[in-house]
Structures are given as structure tokens and as C-alpha cells.
1. Compute the FRET efficiency between Asp503 and Arg428 as 1/(1 + (r/R0)^6), taking r as their Cβ-Cβ distance and R0 = 25 Å, and round to the nearest 0.05.
2. Can you pull out the trypsin sites (Lys or Arg not before Pro) in region 130-239 that DSSP calls coil and that have at most 11 other Cβ atoms within 10 Å?
3. Please report the orientation-averaged projected area of region 53-97, defined via the convex hull of its C-alpha atoms, in nm².
4. If I stretch the segment between Arg355 and Glu185 completely, what's the gain in nm (0.36 nm per residue apart, minus their alpha carbon distance), one decimal?
5. What list of ³J(HN,Hα) values in whole Hz, one per residue of region 134-151 in order, does the Karplus curve 6.51 cos²θ - 1.76 cosθ + 1.60 (θ = phi - 60°) give from phi, with Gly and Pro shown as x?
6. I need the calculated FRET efficiency for the pair Arg241 and Ala86, taking r as the beta carbon distance and R₀ as 45 Å, to the nearest 0.05.
7. With charges set only on the Cβ (+1 for Lys and Arg, -1 for Asp and Glu), what does the dipole of region 53-97 come to about its Cα centre, in debye to the nearest 20?
8. What FRET efficiency comes out for the pair Arg203/Asp55, r = Cβ-Cβ distance, R0 = 35 Å, nearest 0.05?
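Rule-based calculations on the coordinates, nothing more; no lab input. Computed from a predicted model, the values in this text were never measured in an experiment. Positions of Cβ are backbone-derived with ideal geometry, glycine not excepted, and every protein chain shown enters the neighbour counts.
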Amino acid sequence: MSALPEALRPWAAQLSLFPEDLALSLGAHVARLAAALGPMRARNEVEGGEPHGYDGLTRRGSPERLLMSEWLMALEAPDEFVRRAAFGEQAFLRPAFRQPQGGRRTVALLDAGPDQLGSPRIAHLALLVVLARRAEAAGASFAWGVLQSPQQRPFTTVDAAALGQWLKAGSVAPPQQAQLAAWREALALGRAPEDVWLVGGARLARLPGAEGLSRVAVDEVLAPGARQLSVEVRPASRPPRQVVLELPPANQCVRLLRDPFVTAVAAPVLDVGTGPVRSIHFSADGLRLMVAYADGSVAAQVLPLSPRDTVPKPKRFLPPGGGRVVAMGWRRSGGLLVVTWHKAMAALRVHGALRGHPAGLTIPHGAWPTALELPLAVGHPVLALSMVREGQELPLVLDNTRTLHPLASEERPSPPLLFGVSALVERRGGLFFVDRDREEDRATAAPRTGYLMPKAFDGRTQTLPVEGTGVAYFGPAKDSSRQTPGPPLAVRHRPGQWWVARDHSNEQESAMVSVAEGLRVVGVYCWPLDRPWLGLVVLGADERTFYRLTPDGASEFLVTAPARVVSSAVSPAMPLLVWLTETGEVGAWSFQHQALVYRAVPGGQP
């Protein structure tokens, strides 16, 4: 913590637990709260302890501690000596006492009820840092705990382990009288405890048994646009003080409340019995990771957004009757969508409770595009999705030639919807896409972006101001609909040069990003979602390390995969980067938390 300003050095030991940016944000609150609380009061000499010499002068004392100058006055000016004695003006040596170990103590009980969850806990966290250092400076012990959990042993340190348990200790009920009484008994606080602090809402003042205890009331400031906390410090024997704290940026607040020490790591999920992972890709809406396994099965996995989130069980599918998966994805109305090839039937079978086709859909040979035979040869399933049109759910497949085909049980294949698709994402029932206008122009025409409406399979299009080389990526956005320009977009303009834009129609919100030779672009970086600037996520020349590139040429390290990456992607809907390594391990890394949130290891040791 050498970067801490001089004013925060007293709390350097406690703030060193946090990353530097969080330590600086929290430190501003710590300094203000420390001034409001003040130091612990020194015990007077009457309270006793082991004698430890003298530490100053006092106006009261026994004759043997009277200063030699006072005895000299008794000899030279006896009348003045008597007068000074009568008016208490004589000077005595003040004895010092060394307190026994544990003789002084600070106790903090924190409310974890519903009105203190969220941002008020940031003030609680700063108060714990202040009280821990305050007790240390006075040579006192420190004990603290959650007011609603008197059955737990109190914490005696402010470290990552203790704070981690406290962050998980939320309660749906406000503190009760019995809980405070239980804490008083467990900590032997007595009738007049010396330095006990109740931290929570204003209701703690009305709690029976809180009389005579110091309190800190924390409340959110309710005002339009305000991101502040109102903190009132009420020591038991001093006037109250009011402090208003400005909350840190939203992303720092989330980190302080979820994982302030960046220690949460996603536990590995063992894929037992499925064999190695063959391929991965995101569903059309970007909300699920589609995984194909060596045993022929496929799965749709919902990815957690935080290292602390529970990993949901995947939706798995094993083709029946020797079928082989050609395409996989997620249905528009919800559910796994799988297209399989059955050699004995010489037909494609669409699995999933499609609206209008509850028993599934069978497509005979000759009624489906010949391009779909390519996935049968290479063995990697392509993207499947669906759109609802005229009350029926129509399955779509994006083949290896990047042509979007509708599938229908007719004698002849339906005409393709799009040609030369280099990016595709589903939003609000329609599709945002980047393609070439006509199949014959794919090699020469400039790419265009557009929105495909399900009702008429038609919509607005816009030619992009780039030459284009057939590669593009959409990124996550707060809102994307037909009325908005569309999600953030990155298109390769020329080798080593990419065009990135948040608003396709506004040149001021677009920029060119240079990519050095040896780097491979895998997606768009746009976190936080409300930031005006974009970037590119690239895989380094070592095929393991990912970086973020910005329009100004800056490069920032993101994460290193555990082995060589054979496939990777950035979700077009969530701030997540996923990869598949040559060892078959699948990982998902969060831009928001800067941590691994999902890790799947094929059927062996993690």
C-alpha cells in the first residue's frame, strides 16, 4: 500500500487487505469516520493497573509525589505554599499504570437486517477498519459480530476471512431485544460497558437494552440522483456528529459488497461420463453456452455472473436412435433446440417443443439445404435458433457457409433469409445481423447491418462504412430494439484494423482500432455497459492470454487460460468471455468481477 496518501497511512495495515482502487475509495470514508468517532478515552489513574512510573503532572496527589519546587517554596515562601495548597494549585507527579492484557476492549455489533443491506454496508465496512485501528492504538482488544447472530462466536480480527463471513450474513429480520441481550451475556458487557458500539439504522436507539451504548446510525440519502450515505455517530458520553459519505462508483460498490478481496474463484464442475468437449458457442440470444461433447451429446449451460453464484445444472440432450447432432441452440420461446441427422431415416429431426409442432419436426432429404451436410463431415454442430411467425415457431440454422436457412417440412428447401452472415444476435423477437446483401456479392460488397423482423422477415438495413473481410462481432448493450441503432458492433475493416461502434448511425461514436500481427480478435469489450468507449478482446500470440485493446492504442491484460485455447467467444448479451482449451476445459471469465465465474473439467481431477 505504498500508493496510499499520507492521510491514510494510520490505517495502511487494514486497507492493505483490499485492491488499491478499493482501498483508496474506502479510505476516504475511513478518514472521515475516524474523525467523527475520535480516539478511545484514556483510563484515569483511579482505575488502577500495574504501576509503570510517571507520565506527567497533576494538581492532585499525595505529599511524597509533590514536586521538589513546591517543597522549595515551603521553605522560602511558606504563606504562598499554604495558599497554593488551599486552592489546588500545587503540582504533583502523575503516576502511570500499565493495564493488564485484555483490560480494555472495544465491541461492535452490526445490524445485518433488511434496511442495512446494500450500500449501508460500505459504511459498516469502513467503520470496522476505523474501530480496529482505534482499539489497536489504545492497546485494547477488539471484538465484533452480527447483531442477529448471537449464537456465533465474535470475530476478533478484521481480515479477509472474517469479513467474508460477515458479507454473507444477511438477515430478513430486524434485530430483536433477545439478540442484544444474548450478546451482552456472551460478551459479559455488564450494566455500563466501556466502549460498545451498535451499528445500524435509527431503530437501534429504540431497542430495549441499548441504553448507555454508543451508536452509529447509517441511512441512505433519499434524494433524486443522490448516491450518499448519512452517518450519525452518537457516543455514549459525547455530543453526536453527522457525516455524509459519497458512495464510490457503482462497479466499486458491487465489488466491495460481493468480493472486495478478489479471492472468490469458481469451483470446478466435473463433466463426468460425457467425454471431452468438442465445441462451444453461445446461443443466438447470448444467454447460454452451447456445448457439444465427444459422446455425441450436447448441453445448454446457463453461466453464473459472479464467482459466488450457484452454477445451474445444464440442459442435456443425447440424440436417440443413433442420430447425430447437426445444429444446436435455444428456442425463442424457451427450451433446448437440437437438429439431428438420422441416417436410417435419411432425414433431419428438429427436437424441442416448437410452437405449432409439439411432436417435433421431420425434414426429409432434399427438403433441407445441402450446406448442412458439412457439419456431418466435420463434426461440429452449427448454430440453431427459432423465430415465431404467424403463431408457429420456425427453426433456423446458420450453416458453415454463413447462410441463414429456415427449416420446414416441405418437399423443397425454403429460400435462405440471409447470406454471408458474419454476426448474428437475437433481441426482442428479432435478429440483428451483419451480412452481404446478395450471395453473388459476398466477395466484393460492403457489409451491412440490419434488423430482421419475424413477421415479414424484413427490416431496416444500413451499409457499414468499412471494406469488411467477413468477420464481425456484436457486444452486450443495455437495450436493443428496432427503435435503437442496435448492439455495439466490431467489424474487421482491413487486416490489422477493426471498426468499432456503439451507434452504427453516428460516426462520432465509432473508431478504428489497430490490432498487431499475431493477435486474434474474439469479441467486443464494452464494460461498464453505460460507458461511451468500446474496445476489442484479443487472444495473444501464446494462444493463452487475453487482452483488451482500446481505440487509443492501449493494451490491458485481462486473464490467462490454463492451457492453449482452441476456441473462444465473448457473449453478445453478458460481460463474459468463454474459452475451450486443448485439454477440454471450459472456462468463463467475468469482465465485471475480473474473475473466473465458471470452470468445467472433463471427467477427471480439477
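1. 0.90
2. Lys168, Arg191
3. Over every viewing direction, the Cα hull of region 53-97 projects on average to 3.0 nm².
4. Length gained between Arg355 and Glu185: 54.8 nm.
5. 4, 5, 4, 5, 8, x, 9, 7, 9, 9, 8, x, 8, 4, 7, 10, x, 6
6. Numbers: r = 40 Å, r/R0 = 0.90.
Efficiency, from the Cβ-Cβ distance: 0.65.
7. In debye, rounded to 20, region 53-97 gives about 220.
8. E between Arg203 and Asp55, to the nearest 0.05, is 0.25.
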